[in-house]
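Down below is the structure, laid out as structure tokens.
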Amino acid sequence: MKDASPKTIFLSEYRPFGYIVDDVHLTFRLSARATRVVSKISFTPNADFPGEFFLHGQEVKLIWAKIDGVDVTPVVTDDGLTCDVPDAPFVWEAEVEISPVTNTALEGLYMSNGMYCTQCEAEGFRKITFYPDRPDVMSVFTVRVEGDHTVLLSNGNLMDGGDGWAEWHDPWPKPAYLFALVAGDLVARSGQFTTQSAKDVALNIYVRPGPDEMKCDFAMKALKRSMTWDEDVYGREYDLDIFNIVAVDDFNMGAMENKGLNVFNSSCVLASPETSTDANFERIDAIIAHEYFHNWTGNRITCRDWFQLCLKEGLTVFRDQQYTGDQGSHAVKRIEDAITLRSRQFREDSGPLAHPVRPEIFIEINNFYTITVYEKGAELIGMLKRLVGDDAYYKACDLYFERHDGHAATIEDWLQVFEDTTGRDLTQFKRWYSQSGTPRLSVTDDFKDGTYTLHFTQSTPPNSDQADKAPQVIPIAVGLLSQTGTEIQQTVILEMTEDQQSFAFDGLSEKPVPSILRDFSAPVILQRDQTNAERAFLMAHDTDPFNKWDAGRALARDVLIKMVTQDAAPDAAYLDGISAIMRDDALDPAFRALSLSLPSKDDMAQALHDAGHVPDPTAIYRAAEALRVAIAQHVQDILPRIMADMAVNGPYSPDAKSAGKRSLGRAALMLLTRIDGGAAAAKTYADGDNMTMQLAGLSALLLIGKGETESAAFRDQWQNDRLVMDKWFGLTVAMAPPEQAAMVADALTHDPDFDMKNPNRFRAVFGALAGHAAGFHDPSGDAYRLLGEWLIKLDAINPQTTARMTTAFETWRRYGPTRQTQMREVLENIAGTSGLSRDTGEMVGRMLAPPTS
């Protein structure tokens, strides 16, 4: 049943639950259409915070209920139940019936190709049984699972089991959102890990029998690496006898950190050289690390309420970023993270979906699993570490784990351990959690009598979320270069706290060239009048990898703006700079590959909008293609050598060094294909003995309108591998000519292998369409209408995925009148749909709301 008038939730109205849950016993008698769940829960009135006895419950049928063994008749609504209860400890018992097979929303207990599985974050447990489904209610769970399956799993340690039943006990208190159950005819790829205190932990990755069994080795190694890393870096040891992972095909997100039983989207755990790209391997490594790290930052210490979501997610993202950097290159990882933040989070911060890292209001919490909460939340952890220093950071973390283990914490709790450890007042820093928007950091400079001074001004524009913005603490990493390129001032951190602030460097013999915001030391937009000559100089000489890359990116952005708005030719300084980087074999191949990439079409649209132009995605696409052709022609003499030098001989390995070489080789191939008619691409496809290179060859051929035969052969080869077929669906749309993208996507929805109920397949087609900027924004408006029609269809089945996909329209106001009208009509059509879900209704409503003046 859809919500007629969804309730708005406010942080300021938080109140603890009126009862303490002492322990929970659950029995599941599994049946596809009529699973019975029997609960036995011990409650004690909370003397400090007395309140109503209310248990959440949605889409569950109450069979009976008892208090202390006596039948009771609760008042049941669409949202839960209330009941008169004793003013003393009591035992609540109830039996409910649910239908997993008809649960297409993939929340609570549902079925995926005959397998029972759960997803309870954020509020899915209330679709399983009546319970105080809130993160601050933590208890010990004992679970009995009964069913006709070979594998019956739940959280914690296996206590006992037999034919058709298993009993699990999790000794660590947890909120209901961390509950998990899986039942199916599965097989395990097993391993073992010995902790630093010599405790043996059994490791299992459960998959369906068949080809998936051969795709678990990398994930098992990644899990062991993560466990070792968390011990070495944070001193955190695993705390159960067993750690299980289950691969599930139908899953709304990437993975879920349920205590001792992680449930993973199959795409985030299964990998082999033949079916997975370098990017897939890196993503799997990072996600396994992320979910494992949650054992302490999320599970042992959880969040008091959902407004504190960034506490567990921002910290854990930061930890997985550290881990990934340690496995490869910190410089490359930092650049990749900055690209994501700038292209997606900055867009969110400036549009109708803007919200603080810790929101203060929501209607549907599922809509706040955003890049602001996750990635910007991680940036705040990084800034804090930068400000207090490494030693103080880890001391504060130790205090956090010691003080709050077993508790549901807040941002205030997190910042307090840093204040107690360092003596710093973090009141102003806390604004990063409560203030939305991306600060603009403007800078001018002067040089007089040997003193070089940088003058900074910070401001954050008003947005849809907040009008008034206060100055924030901004750590600005700065270095200085001489006019010949020698570093004369190593990196220092300038701590800005005022609206305007100046910093001086004395004893200089000449005006230096500043390198500002090194390592992207704060999530801000740097604004400084800078010539292309200075950008080229930094591109050639800066010792900071991020700023060296960023100088090239800024130069490319300026070149593209002039190509779009003035019909200018590609800038020679940029082409020469790219040529120099490509020829510099001392540079990391992965860094060189990143330096070859151009700003995304969305980045360019925002840059043009900020410069006072109405962005035309078609013109941006054409300019970017023309610039890529110019680059290819400028460096054509070296492209074959780079491809040869970057070829990795021997058995495939996803290690960072090999992946970096393949990355540069692929970048060279994409350039060469633009001038050789696809000869090298055809050979790469034919010779490719791993998915990375096979897909690179196919992508290059499709880019130039060739590859029809190879695409058909690729589909025939991989038609029985669902994850590779997701790649084929996505690539087919992504590489389509812009004017054909909507037509291609529409045709794929009629393909017998398209299944809208599977989030991976739906995202493969429509995520690729939304990401194809020139295709999505084709003047016909066909792509807008196609996506809108399918989102309406999907909303009735899976509101979560629908709501997240609506973000394709979040920037609709920055385009010209015709495109605005087309997108607004689609959004209004979605908003007017009868029975629209709360998830999608909130997102579309925010996008249609009048902008802040």
- Query: For LYS562, which lysines qualify as cross-link partners when the Cα separation must be under 26 Å and same-chain residues fewer than eight apart are set aside?
  - Reply: LYS548, LYS601
- Hey, if you drop one equal point scatterer on each alpha-carbon of the range 122-229 and run the Debye formula without solvent, what base-10 log of I(q)/I(0) do you get at q = 0.19, 0.22, 0.24 Å⁻¹? -1.18, -1.26, -1.27
- Item | Karplus 3J(HN,Hα) series, Hz, for the range 162-175 with 6.51 cos²θ - 1.76 cosθ + 1.60 (x for Gly, Pro) | x, 5, x, 7, 8, 10, 10, 9, 9, x, 9, x, 8, x
- PRE reach from ALA686 (point 7 Å along Cα→Cβ): which of the range 699-717 fall under 17 Å by backbone N? 699-702, 706-714
- Query: Quick one: length gained pulling GLU498 to THR486 fully straight, 0.36 nm per residue minus the C-alpha distance?
  - Reply: 1.2 nm
- Task: Work out from phi, with θ = phi - 60° and the Karplus expression 6.51 cos²θ - 1.76 cosθ + 1.60, the ³J(HN,Hα) of each residue of the range 554-559, listed in order in whole Hz, and give x for Gly and Pro.
- Result: 5, 5, 5, 4, 5, 4
- Message: Report the Cα centroid-to-centroid distance between the range 500-517 and the range 198-214 in angstrom, as an integer.
- Response: 56 Å
- Task: Using θ = phi - 60° and the Karplus relation 6.51 cos²θ - 1.76 cosθ + 1.60, list the HN-Hα couplings for the range 617-629 in order, rounded to whole Hz, with x at every Gly or Pro.
- Result: x, 5, 5, 5, 4, 5, 5, 5, 5, 5, 5, 5, 5
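Considering Cα pairs under 8 angstrom that are at least six residues apart, work out the relative contact order of the range 454-606 and quote it in whole percent.
18 percent
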- Would you mind calculating the gained length between THR451 and GLN428 on full extension (0.36 nm times residue separation, minus the Cα-Cα distance), in nm to one decimal? 5.3 nm
- Task: Search the structure for amide H atoms under 5 Å from the amide H of GLY678, placed 1.01 Å from N in the peptide plane, and list their residues when 5 or more places away or on another chain.
- Result: none
- Task: State the Cα centre-to-centre distance between the range 316-384 and the range 827-853 in whole Å.
- Result: 25 Å
- For the chain, report the translational diffusion coefficient in µm²/s to the nearest whole number, using Stokes-Einstein at 20 °C, 1.002 mPa s, and a Kirkwood Rh over Cα pairs. 75 µm²/s
- Query: What's the angle, to the nearest 10 degrees (0 to 90), between helix 759-771's Cα axis and the longest principal axis of the chain?
  - Reply: 30 degrees
- Tilt of helix 708-718 relative to the longest C-alpha principal axis of the chain, in degrees (0 to 90, nearest 10)? 30 degrees
- Message: Using only Cα atoms and rounding to the nearest 10 degrees, what angle (0 to 90) does helix 278-293 make with the longest principal axis of the chain?
- Response: 40 degrees
- Message: Please report the carbon-and-sulfur percent of the accessible area for the chain; probe 1.4 Å, protein heavy atoms only, DNA, RNA and ligands left out.
- Response: 49 percent
- Item | Theoretical FRET efficiency, 1/(1+(r/R0)^6), r = Cβ-Cβ of ALA713 and PHE754, R0 25 Å, to 0.05 | 0.80
- Task: Express the relative contact order of the range 112-206 as a whole percentage, based on alpha carbon pairs under 8 Å and six or more residues apart in sequence.
- Result: 30 percent
- Scan the chain and report its longest stretch carrying no trypsin sites (Lys or Arg not before Pro) that are both in a DSSP loop and have at most 11 other Cβ atoms within 10 Å. 34-853
- Taking alpha-carbon centroids only, the range 257-276 lies from the range 225-252 a number of Å equal to 12 Å
- Using label points projected 7 Å from each Cα along Cα→Cβ, tell me how many nm separate SER834 and ASP420, to one decimal. 5.8 nm
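Efficiency by 1/(1 + (r/R0)^6): what FRET value for TRP165 and ASP655, r their Cβ-Cβ distance, R0 = 45 Å, to the nearest 0.05?
Once the sixth-power term is evaluated, E becomes 0.55.
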- Item | Amide N of the range 543-557 lying under 11 Å from the label point, which is placed 7 angstrom from the Cα of ILE675 along Cα→Cβ | none
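Taking 0.36 nm per residue of sequence separation and subtracting the Cα-Cα distance, how much length would be gained by fully extending the chain between ASP567 and TYR394, in nm to one decimal?
Fully extending the segment from ASP567 to TYR394 adds 57.0 nm.
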- Heavy-atom surface of the chain, accessible at 1.4 Å and reported per residue (Å²): 38 Å²
- Query: Check MET496: other-chain or 5+ apart residues with amide H under 5 Å from its amide H, H built from backbone geometry?
  - Reply: ILE474, ILE476
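The values are calculated or read from the model by the stated rules, or taken from the named source; none is laboratory data. What you see is a predicted model; the values in this text were computed from it and never measured. Ideal geometry is used to build each Cβ from the backbone, glycine not excepted, and the neighbour counts take in all protein chains shown. Each accessible area value is taken on the protein alone, full model and side chains, heavy atoms only, with ligands, DNA and RNA left out. Shrake-Rupley method; radii C 1.70, N 1.55, O 1.52, S 1.80 Å.
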